[in-house]
Every structure is written in structure tokens, then in C-alpha cells.
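Before any comments, here is the structure.
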Amino acid sequence: MSRETIKDRYQRTLGYIITENSGRQKALDAAQRTLGYYYPGQDVTKNVGQRTIAHGNVLASLIYDAD
């Protein structure tokens, strides 16, 4: 499992993207709340309610929208 920190231009932490061993990625905001998931096998991004919001990986945009 790996964790990438997403920061703004002032080096403030906006959130994190965690890559799980299965390849699935999870977006978290700075308070560690789950924002959504990326499923590489399906190539879709889903929100926390499991609703498809985009084809492809747009997790970083969920983090920016959360701030």
C-alpha cells in the first residue's frame, strides 16, 4: 500500500491518494474522510456512495473540489 500526499502551491495538505495492494485507489481529504475510489479494472472513478462519476482516474479533482 502506498500513499501520495496532495498539496497546494503553499504546501498545505489538501488530501491523500492511497493505492491498495489490489490496485484500487482511494481519495481522502485532509481530515482523512473518504471522497471516492478509482477501480483500474473497470477504469472508472466512483464517489463514496459508489456512484460512477467519471471514466478514467479523476481522484485528484475530488480532492481539489473538497477544499
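A few points about this structure:
- Highest average first, the peptides 30-37, 57-64 ordered by how many other beta carbon atoms sit within 10 Å of their residues are 57-64, 30-37.
- Surface composition of the chain: carbon plus sulfur atoms hold 44% of the accessible area, using a 1.4 angstrom probe and ignoring ligands, DNA and RNA.
- Take the chain with all the other protein chains still there, run a 1.4 Å probe, and you get 65 Å² of accessible area per residue.
- Using only side-chain charges placed at the Cβ, +1 for Lys and Arg and -1 for Asp and Glu, the dipole size of the chain relative to its Cα centre rounds to 100 debye.
- Sorted largest first, the spans of the alpha carbon positions of the chain along the three principal axes are 35, 23, 18 Å.
The values are calculated or read from the model by the stated rules, or taken from the named source; none is laboratory data. All values derive from a computational prediction rather than experimental measurement. Cβ: placed from backbone, ideal geometry, glycine included. Neighbour counts: every protein chain shown. Note: areas computed on protein heavy atoms with side chains; ligands, DNA, RNA excluded. Shrake-Rupley method; radii C 1.70, N 1.55, O 1.52, S 1.80 Å.
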